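The values are calculated or read from the model by the stated rules, or taken from the named source; none is laboratory data. Treat the numbers as computed from the prediction; the structure is a model and nothing was measured. Please note: Cβ atoms are built from the backbone with ideal geometry, for glycine as well, and neighbour counts cover all protein chains shown.
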């Protein structure tokens with residue numbers, strides 16, 4: 001008969017309250033079962049990134065210390081965490097994942113704009129932009145989004161020449177912020193050409209777009 005655990009840890013408490021096995025928690029947190037065991041036993045620390053990921057996946061409470069490091073608690077809105085809390089949160093996530101672009105994208109853009117303005121007011125915008133760039137880069141690589149990004153870049157929304165598509169695709173996996181900056185330059189150029197086309201001053205074909213497109217930022 002296995003001995004009961006001797007090390008207390010909120011991750012263990014959350015698994016117990018939600019009746020999750022270590023394998024199920026490992027799947028939710030995108031880590032190995034052995035890493036779950038090590039964290040629960042105090043062998044490995046629970047990093048801020050992992051704490052945030054577990055919070056997103058389970059809905060448990062998240063708190064930050066004076067240095068900004070994140071940790072989890074086996075509570076939900078400061079009440080003991082339960083299986084019902086976990087089930088309700090997973091249903092919410094399932095619903096959220098079904099949002100169409102008209103609901104999901106504007107919501108994310110709005111909260112991101114709010115955070116960026118707050119960081120600018122505090123004078124820490126460069127730090128936030130750097131961290132966001134690292135996070136986006138990490139997720140692009142982890143989720144293996146290269147093919148999907150390449151497909152998106154072929155859409156008429158951007159109107160990119162093939163060499164520009166290839167350049168921005170590579171840039172997205174090196175410096176996402178710079179990739180977004182160049183995309184906005186191209187979109188701005190396309191919008192200006194569209195306005196000129198309405199006034200019948202230019203013909204909005206791809207050759208005209210390439211001629212008027214901004215030079216690449218090195």
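Go through region 83-188 and tell me which helices (runs of 4 or more DSSP H), entirely inside it, have 2 or more residues that are closer than 30 Å to residue 25 by Cβ.
So the answer is 83-97, 101-122, 125-142, 146-153.
Within the bounds of region 90-105, is there any residue that is in contact with a helix residue (DSSP H, G or I) (Cβ under 9 Å, 6 or more places away or on another chain), modelled with pLDDT of 85 or more and surrounded by 12 or more Cβ atoms within 10 Å (Cβ to Cβ)?
Yes, there is a match, as at least one residue in region 90-105 is in contact with a helix residue (DSSP H, G or I) (Cβ under 9 Å, 6 or more places away or on another chain), modelled with pLDDT of 85 or more and surrounded by 12 or more Cβ atoms within 10 Å (Cβ to Cβ).
Any idea how many residues of region 23-51 are part of a helix (DSSP H, G or I) and within 25 Å of the chain's Cα centre (by Cα)?
Within region 23-51, residues that are part of a helix (DSSP H, G or I) and within 25 Å of the chain's Cα centre (by Cα) number 15.
Say we look at region 174-186 and pick out the residues that are surrounded by fewer than 18 Cβ atoms within 10 Å (Cβ to Cβ) and in contact with a helix residue (DSSP H, G or I) (Cβ under 6 Å, 6 or more places away or on another chain); which of these is modelled with the lowest pLDDT?
For region 174-186, the residue satisfying everything is 177.
Suppose the filter is in contact with a helix residue (DSSP H, G or I) (Cβ under 6 Å, 6 or more places away or on another chain), modelled with pLDDT of 90 or more, over 16 Å from residue 8 (Cβ atoms) and surrounded by 12 or more Cβ atoms within 10 Å (Cβ to Cβ); does residue 40 pass it?
no
Could you list, in sequence order, all residues of region 135-147 that are within 10 Å of the chain's Cα centre (by Cα) and surrounded by fewer than 14 Cβ atoms within 10 Å (Cβ to Cβ)?
Residues satisfying the conditions are 135, 138, 139.
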